[in-house]
Amino acid sequence: HRELFYKLLLEDYVEKQRTVVVATHLIEEVANLVEQVTIIDRGRVLLASSAEELRSSGHRVSGRAADVEAYCAGRDVLAVEELGGLEVAYLLGAPDGTRLHERLETAPLSLQKLFVKLTEKEDAR
């Protein structure tokens, strides 16, 4: 039913453009529909920006733990997940090409992952 709801919402929006507020924890489900995003945690606005800006506001890097740690030194790290001798780090900002090499992989940070990591970071404070 959610897919039908989004389909009807878009069809109606095309006919009569207006502001629609959607509150959800299912970020990936609406990621391609939204233009503006506000992340609220415990009544506090953590982030408010265009969806496009948010999509390019962070990245993840993965590889051997020592390589990932070296890449992350001095960067704005949201979180690090360890899997054996491998790590995945979630960072704000653009990838640093001068620190990347063949043993590291990088990818954009999805809106869902950004939401989760930002709210987890706030919980840790």
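The values are calculated or read from the model by the stated rules, or taken from the named source; none is laboratory data. What you are looking at is a predicted structure, and each value in this text was computed from that prediction instead of being measured. Note: ideal-geometry Cβ built from the backbone for every residue, glycine included; neighbour counts use all protein chains shown. Quick note on the areas: whole protein, heavy atoms, side chains included, nothing else; ligands and nucleic acids left out. Shrake-Rupley method; radii C 1.70, N 1.55, O 1.52, S 1.80 Å.
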Failed item, numbered, when R99 is tested on (1) within 25 Å of A48 (Cα to Cα); (2) open to solvent by 60 Å² or more (accessible area, probe 1.4 Å):
(1)
So which residues in region 30-54 are open to solvent by less than 70 Å² (accessible area, probe 1.4 Å) and in contact with a helix residue (DSSP H, G or I) (Cβ under 9 Å, 6 or more places away or on another chain)?
V30, A31, L33, V34, V37, I39, D41, L46, L47, A51, L54
Starting from region 88-113, take each residue that is under 12 Å from E69 (Cα atoms) and list its partners that are aromatic (F, W, Y) and buried (at least 17 other Cβ atoms within 10 Å of the Cβ), counting only C-beta distances under 7 angstrom and pairs at least six apart or across chains.
R99/Y71; L104/Y71
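Show me the strands (runs of 3 or more DSSP E) found entirely inside region 13-65 where at least 3 residues are within 19 Å of T106 (Cβ to Cβ). Write out each step before concluding.
Details: elements: 36-41, 44-50, 58-64.
The strands (runs of 3 or more DSSP E) meeting that bar are 58-64.
Can you tell me which residue in region 66-84 is farthest from E102 (Cα to Cα), limited to those that are in a helix (DSSP H, G or I) and open to solvent by less than 80 Å² (accessible area, probe 1.4 Å)?
Taking region 66-84 first, the residues in a helix (DSSP H, G or I) are 66-72.
Keeping just the survivors that are open to solvent by less than 80 Å² (accessible area, probe 1.4 Å) gives 66-68, 70-72.
Numbers: A66: 14, D67: 10, V68: 12, A70: 14, Y71: 12, C72: 16 Å.
So, considering only residues that are in a helix (DSSP H, G or I) and open to solvent by less than 80 Å² (accessible area, probe 1.4 Å), the one farthest from E102 (Cα to Cα) is C72.
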Matching residues, region 85-108, being part of a loop (DSSP other than H, G, I, E, B) and at pLDDT 90 or above:
G93, A94, P95, D96, G97, T98, R99, L100, H101, E102, R103, L104
